[in-house]
Amino acid sequence: MRLPRATFPLAPPTWPAGVPRPAPERRVGLDYDHDWSRRYPARLVRAAVLDNVTRPLAQLVTPTTVRGREHLRHIEPPMIFVANHTSHIDTPLFLTTLPVDLRHRTVVAAASDYFFDRTWKSVLWSLSLAAIPIERNRLNRRSADVATGLVEDGWNLVIFPEGGRSPDGWLQEFRGGAAYLARRTGRPVVPVHIDGTRDALAKDPETADRPPGGSGTEGRHTARLRRAPATVTFGPALEPQEGEDARRLAARIERAVSVLGAEARSDWWTARRLQAEGTLPDPRGPAASPWRRAWALGPRREPGQVERRARGAAEPRTERSRWPDLRPRGRGGSRRQRGQRAVTG
Amino acid sequence: MSPRPGFVLDVDGSTPPLLMWNGEGYQLDRLPEGSRVLYPPEPLAALDDPVAAIRRALREPLGESRPLGELLRPGMRLTICFDDISLPLPPMRAPDARQLVIEEVLEMAAAAGVDDVVLVAALALHRRMTESELRHALGDRVYEAFAPHGLLTQHDAEDPDNLIDLGVTEHGEEVEINKRAATSDLLVYVNINLVAMDGGHKSVATGLASYRSLRHHHNPQTMRHSRSFMDQPSSELHSSNWRMGRLIAASGVKVFQIETTLNTDAFPEQFRFLQRREWEWSWRDRAAFAASSAAMSGAPPRIVRQILHAIRAPQAMTSVQAGEVEAVHEVTTRNVWAQQGVEIEGQADILSLALPYICPYNVNSIMNPILVACLGLGYFFNLYRGRPLVREGGVVILRHPTRWEFHPAHHPSYIDFFDQVLAATTDPVEMHKKYEEGYATDPWYVHLYRTGHAYHGVHPFYMWYWCAHALEHVGRVVIVGGDPAAVRRMGFSPASTLQDALEMASDVVGPSPTLTHVHVPPLLMADVR
Amino acid sequence: MKGLVFERSLPRFAAARLTSAFGSGRGAATGPLRLADLDPPAPRDDAWHSVRPLLSGICGSDLATVDGHSSRYFEELVSFPFVPGHEVVGALEGTAQAADGSALLDGARVVIEPVLGCRARGIEPPCVWCAAGHPGNCERVTTGHLRPGIQTGYCADTGGGWSAAGLVAHESQLHAVPDGLADVDAVLVEPLACGLHAASAPERSAEDTVAVIGAGTVGLTVIAGLDFLARKGLAPAPKALLVGARYRHQRSLAEAMGATAALPSDRLTRAVRRESGSLVVGDPTTGGMRLSGGADVVFDCVGSEDSLAQALATVRPRGRVMLVGMPGRMRLDLAPLWHREIRLVGSYAYGSERFGEAAPLRTFDLALELAGDLAQRIGSGRLVSAAYPLDRFEEALVHAGSAGRRGAVKVVFDVRAGSPAGSRPKAQRPPDRRPRNRRDAR
């Protein structure tokens, strides 16, 4: 069946051959003008979607335990949130764990080459997540200015200093962009650790990883969305100190996030003790072959599984439970328990 | 209550109708009075703590072997091979025995700092496994640590770059196996022993071999001299594999064999009645039988097939042993017999077998007529030690719908074998001479075997050779309820009911014949005195 | 005298198309074909002679015409009203000279070569094709002193085989039937000529794999033709002749006539794959099989969309597909034809065949020989499954339309005097010169 063809003026005109035509301008990537996504109509739509669609969906896919949110009560916004990055689920999930007032005033720094390479993508992510484009590797002057401007206007900023999702679950080196912005704006940095989203939706392995040979179907590890529990842990804010350069600040931020990771895996007290003893497990993973690094991550957790680590035990014992864990954790545990219960409201 | 051993039932007037599998469904049918029915032993108790048992086996190996921990060192080449999807049947409930064993081995390898580890599915000429089948056998943790990096491979018997020739045995049998496995510092083989034919040297010598190697024992002559191929001392198949296995060991390939046995708890709770003796069925069992057999006859075949192939058996490990191949296998064989052995006196004129929906070669697939013959006249017929259950010149009655249908992706060469080869001859020796070579080397079958999920082009021939001993031994084969055209193509006789089949059998074995019916699954091994 | 006549009538044509949806041949009951009283056509000059039909076959093209399914393409090439029936064995009235020049006596049995070329139309000089001995390709079929009509049986001036009133034939159309050949075998000469012509067309070698799709009359005549040419040494025998046929009786006939193997049509492509050792492109579980190699020559003796698609999927690159079964208007993906440089060649009727450097042979002469040969090999009359009198024409056409399903091959009309519909005033009957073969109508 042939459809009738629309002609000018319904369709755009063709340009005559003799007339010189200026190069059409494409405003995508870093040039994308995302101002509109912070105006009232867009903010309204985003708030509605985040609260009523994204939040229930995220809780369905990754039932999340949030810890340490009380730290946020004592910080004056705007602030810079810094988190580890393992999955595309991180951003929507993290936004939905923020308190409502912060949630609606937050922008997320997203890789311009992935999220802003086409116009429709730019529109989609700016609208739904308040994303702004930045480079993965080194912040250039213009993005830094834009980001600084936004923070000074009162917007909280979320940034993932690894520069991309972790390919194997272990932490990558933190780049200096977050630290630089913290120093320039003078705002506090809140470290966040997001654990378990990789089990829900992992990053597709690069084909470059694979040795040649083999007939191909095994290892075709297509992106699989699965239900898996997640833990989001907020830590105490870090203030940039006098005379501290960006690199040192970046290292301090990385350590803070690692401690939070240890806390997510065990508990707050054990993490603090290990930090004090200097025996925190290396967040970057063992220096070994890819299979051993994957092996060291341990078994995947299923939703409903309760992980308890006996003091001094090498690995957590996991049990399947259908009900949320409401059992008291022992003396003095009730206050911590309240903060640790799964997010409901 | 300790599990009861198997026994022989003498059918009399008060024997209720007995459960008989009929492919993708089951029925109740009466056997003539005076028949004998072999019932398998009840499932033995499983190990309480399989993981602890595995760790102990790895620490305390059998035979001349050091513990696994001492064999692992950084910088070594380690290859872990495991049995493919043809075992166990039906597929086990998660976690699979292979998953448990391989996770322990990998824990030790990670602790020892071994970086160069490759997992190889020992397929021989079977089809490649799909991602979900591999995940089921190995578990998600192992799969995700190895597959994305290409370190989980499936043996490709047609890849000239990945085969190595290890020489020739004293009987002139060429031994050619997977190169990565043969050139490793240590080859760990993880086996599940379902029947007495599996395991031992056969794991490596057959599972990792090429066509050039396999044709020396996968041929009519060897199968005719394996009486039965489940009974190792009397099996030429076994002797050939042992020669090859010893040559492999002698040429420097270090094999650490880990073998597991499973109990025969083949069916989950909803299908419990399939394992119980009919006169002990409770009202729940009777209701379950009635409901399920009605549903199966009403539903479209595709749905029924999906439901049946989704059954996961609650089979659990009853033993695990590790170390040197022959020492390990001796213990394993004893354990298999302990679970499955049943004694019976004398042979019968007629052997009756009711065939289920699954055999080693149609997991998640269709049982085509050739596989029906292989399951009945190959596997079940050979579940004996001593003498066959049926006398020479007797009749075998099988029960299966034997539909003329084939899975085009899994069994492409079977379609052509049925159309072309069986139309010309049903004699295994004849087809071995005239047609085998063409099918073994046809480029399309090779292509589908290497890149698709197809059994090798020569595989249908092996299915037919598996029947060679039975075809030589019995006088006639009757299939009850089978599609007449398909049954006749194979040279057998179709019958619509058991009564008709008995009439046809009387033509061959005379009036008032004796009949033995084997009530499998679950599996048993008959010790025929 | 009674005869079947096909008249131009649009409403009846439409009715025929509707009823034929219930089955091929059912258009006869409602369509433009009717049993009427006809006068015998008069020979226009000395070169034309009256022939009284004995047996007249029903062909697939006749069925398509009766059902209103034949392509609109033929409308300009026929003239209404016409009497169908071009597969005729009849008795000559008067004396004549046959096409090969031999003399024919009054009452001699003849088969008609129905193609109406320049010679029959009295066109001098003849067109290039008729001059070369291929009247089937005549460019002048709508001109000359006959009304338009590609063959006797589609022309208003000649009459046709389905009539007791008889037809007139030009002397170039007359071929004597040898004494030893029964009527039931002689009526097959025209279809055998079609099959032979198709079989002779492509250049073949002894290493060829040849596939034939369809084993109705068309397919069986092609198989008979291929086998005959091989046995006479006129063309090499193929290495393998594989036939795809839907019905079991067709398969056993095909194998009796010399096919290597005859299989159900859906398994033909697999057999060609095995024989030619080629690979399969794509996933055989979804949709049909496409071979990367294939047979050297494929004869499509069905002429439907599915058969042609199967032919294109089964032939090797640069191979030839001979389209023998009459096609109509169809939707077909020609990408394989283009990509694999396949030659799709139509094969219509007959004329003369050239083998190597030898002098051309008339197809009909070869077909006469083949008819006798076939009668000896598979039995006389084996391919004529039923004979009907003219007044049961609806039944006859339905039977012919469902021939395969009903285990039949060729259905014919028995027009002989003495059978109910064929009656003539006794005074005009010429003396019987030879014994009539009375064959029961079953």
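Values in this text are rule-based calculations from the coordinates and carry no lab data. The shown structure was predicted, so the numbers you read here are calculated from the model rather than taken from an experiment. No Cβ is skipped: glycine too gets one built from the backbone with ideal geometry, and neighbour counts run over all protein chains shown.
Hey, can you rank C:40-53, B:8-21 by average C-beta count inside 10 Å, highest first?
Details: C:40-53: 18.4, B:8-21: 14.5.
In decreasing order of mean packing, C:40-53, B:8-21 become C:40-53, B:8-21.
What distance in nm lies between label points placed 7 Å from Cα along the C-beta direction at C:Leu105 and A:Leu3?
Reported label-point gap for C:Leu105 and A:Leu3 is 8.0 nm.
Could you check the simple spin-label distance between B:Thr183 and C:Ser9, using points 7 Å along Cα→Cβ, in nm with one decimal?
8.6
Please identify, among C:Ala186, C:Ala96, C:Ala359, the residue showing maximal mean-square fluctuation in a Gaussian network model of chain C using a 10 angstrom Cα cutoff.
Among C:Ala186, C:Ala96, C:Ala359, the largest GNM mean-square fluctuation belongs to C:Ala359.
Using label points projected 7 Å from each Cα along Cα→Cβ, tell me how many nm separate C:Asp39 and C:Glu203, to one decimal.
5.5
Could you tell me how far the Cα centroid of segment A:60-90 sits from the Cα centroid of segment A:289-303, in Å?
After rounding, the separation between the Cα centres reads 24 Å.
Cα axis of helix B:236-250 to longest principal axis of chain B: angle in degrees, 0 to 90, nearest 10?
The two axes meet at around 0 degrees.
Which three extents, in angstrom, do the Cα atoms of the protein assembly as shown have along their principal axes, listed largest first?
Taking the Cα atoms of the protein assembly as shown, the three principal extents are 132, 101, 61 Å.
Please order A:Ile75, B:Ile303 by the number of other Cβ within 10 Å, starting at the fewest.
B:Ile303, A:Ile75
Projected area of chain C, taken from the Cα convex hull and averaged over every viewing direction, in nm²? Don't skip to the answer; put the middle values down first.
Values: hull surface 80.9 nm².
Taking a quarter of the hull surface, the average projection is 20.2 nm².
How big is the gap, in Å, between the Cα center of segment A:115-189 and the Cα center of segment B:408-462?
With segment A:115-189 and segment B:408-462 each reduced to a Cα centre, they are spaced 60 Å.
Straight-line reach only, C-alpha to C-alpha below 15 angstrom: list the aspartates and glutamates that A:Lys121 could link to, leaving out same-chain residues fewer than 8 apart.
A:Asp31, A:Asp33, A:Asp113
Would you list A:Val257, A:Val158 from fewest to most Cβ contacts within 10 Å?
A:Val257, A:Val158
If R0 is 56 Å, what FRET efficiency do you get for B:Thr15 and B:Glu236 from their C-beta distance, rounded to 0.05?
The formula returns an efficiency of 0.90 here.
What number, in percent, do you get for the relative contact order of segment B:422-467 if the mean sequence gap of Cα pairs under 8 Å and at least 6 apart is divided by its residue count? Before the final figure, lay out the partial values.
Details: 28 pairs, mean separation 16.4, N = 46.
Relative contact order of segment B:422-467: 36 percent.
Which peptide among C:130-138, B:366-374 comes first, and what is the full order, when sorted by highest mean count of other Cβ atoms within 10 Å?
Highest mean packing first, the order is B:366-374, C:130-138.
With a ≥ b ≥ c the root eigenvalues of the C-alpha gyration tensor of segment C:33-130, is it rounded (a/c under 1.5), prolate (a/b larger than b/c) or oblate?
Details: a/c = 1.94, a/b = 1.30, b/c = 1.49.
Oblate.
Arranged from highest to lowest average of other beta-carbon atoms within 10 Å per residue, in what order do the peptides A:266-277, B:99-110 appear?
B:99-110, A:266-277
Which GluC sites (Glu not before Pro) from segment B:301-376 combine a DSSP loop assignment with at most 12 other Cβ atoms within 10 Å?
Hits after loop and neighbour filter: B:Glu345.
Quote to one decimal, in nm, the extra length available between A:Val28 and A:Arg141 on full extension: 0.36 nm per residue of separation minus the C-alpha distance between them.
Answer, rounded to one decimal: 38.9 nm.
Taking every residue in B:404-414, how many Cβ atoms of other protein chains lie within 10 Å of its Cβ, on average?
2
With Cβ to Cβ distances under 11 Å as the rule, what net charge do the other residues near B:Asp10 carry (K, R +1; D, E -1)?
Combined, the nearby Lys, Arg, Asp and Glu give -1.
Along the three principal axes, how long is chain B when you take its alpha carbons, biggest first, rounded to the nearest angstrom?
Computed over chain B, the largest-to-smallest principal extents equal 70, 56, 44 Å.
What is the average number of partner chain Cβ atoms found within 10 Å of a Cβ in B:149-160?
4
C:Lys2: which lysines have alpha carbons under 22 Å from its alpha carbon, excluding same-chain residues fewer than 8 sequence positions away?
Correct list for C:Lys2: C:Lys426.
Please rank C:Val398, B:Val204, fewest neighbouring Cβ atoms within 10 Å first, as an exposure proxy.
The order, fewest Cβ neighbours first, is C:Val398, B:Val204.
Got the relative contact order for segment C:200-347 handy, in percent, Cα pairs under 8 Å and 6 or more residues apart?
Worked out over segment C:200-347, it gives 21 percent.
What is the distance in Å between the Cα centres of segment B:32-52 and segment B:309-366?
10
Using modelled amide H (1.01 Å from N, peptide plane; none on Pro or chain starts), what sits under 5 Å from the amide H of C:Leu344, excluding residues fewer than 5 places away?
It is C:Val321, by chain and number.
Just counting partner chain Cβ atoms within 10 Å, what average do the residues of peptide B:134-146 show around their Cβ?
Averaged over the peptide's residues, the number is 4.
Tell me the angle of helix B:498-509 to the major Cα principal axis of chain B, expressed in degrees between 0 and 90 and rounded to the nearest ten.
The answer is roughly 90 degrees.
Find out how many positive minus negative residues lie around C:Gly31, taking Lys and Arg as positive, Asp and Glu as negative, among other residues whose Cβ is under 11 Å from that of C:Gly31.
Neighbourhood net charge equals +1.
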